[in-house]
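To start, the structure itself, in structure tokens.
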Amino acid sequence: MHDKEIDQLLDDMVKSLNNFINLNNRNDPLIIGIHTGGYWIASKIKERMRNTNPLGELNIAFYRDDFSKIGMHPRVKPSKLPVEIENRHIILVDDVLHTGRTIRAAMNEIFDYGRPATITLVVLVERSGHELPIKADIVGKTLQLNSFGHVKLLGPEPLALEIKQQNDG
């Protein structure tokens with residue numbers, strides 16, 4: 001899936017997100033993207049929504065429950081939340097929702113900065129195989145892949161989705 005298809009998904013997501021915001025009175029939301037793919041998607045959503053708040057970026061590497069397995073990454077950077085999040089409506093954006101562990105880690109970090117009024121989860125791709133009871137509010141595309149399948153967002157310019165459905169043997 002390439003840039004033009006992703007652009008159409010983003011346009012549809014923004015339309016759904018604007019409706020969601022209006023229906024639920026979540027005015028003046030702060031958009032936060034999860035490093036790296038979520039941040040790329042968040043910046044495109046922010047631009048399309050004409051949201052004037054600064055864009056936040058979460059790096060959840062230290063919050064992952066598998067940190068001891070994956071080890072230190074030399075490129076771990078701190079999160080950048082440019083404004084106070086206490087009692088704010090947050091739009092949390094990621095590229096792919098699979099197990100839910102990344103989202104759990106992101107919410108842990110957000111709560112270290114304060115207690116938001118709400119968190120709306122937006123993902124470009126939601127795929128099968130959730131381990132945690134986490135579901136996105138806005139989804140660009142849903143994929144059913146086996147446990148050996150893989151989805152990766154490539155970018156930032158142009159954006160492309162790499163989807164691999166592998167056999168188990």
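Observations on the model:
- Subset of the range 86-113 that is assigned to a loop (DSSP other than H, G, I, E, B) and among the charged types (D, E, K, R) - its residue that is surrounded by the most Cβ atoms within 10 Å (Cβ to Cβ): Arg88
- If you go through the range 114-142 and keep only what is surrounded by fewer than 18 Cβ atoms within 10 Å (Cβ to Cβ) and of a type in the set (Ser, Thr, Tyr), you end up with Thr118, Ser128, Thr142.
- Criterion violated by Pro82 - all others in (1) assigned to a helix (DSSP H, G or I); (2) modelled with pLDDT under 95 satisfied: (1)
- Of the residues in the range 11-20, none is in contact with a helix residue (DSSP H, G or I) (Cβ under 6 Å, 6 or more places away or on another chain), modelled with pLDDT of 95 or more and crowded, with 22+ Cβ neighbours inside 10 Å.
- Qualifying residue in the range 24-42 (condition: surrounded by fewer than 16 Cβ atoms within 10 Å (Cβ to Cβ), at pLDDT below 95 and in a helix (DSSP H, G or I)): no
The values are calculated or read from the model by the stated rules, or taken from the named source; none is laboratory data. It should be emphasised that the depicted structure is a prediction, and the values quoted were computed from it without experimental measurement. Using ideal geometry, Cβ is built from the backbone for each residue, glycine included, and neighbour counts are taken over all protein chains shown.
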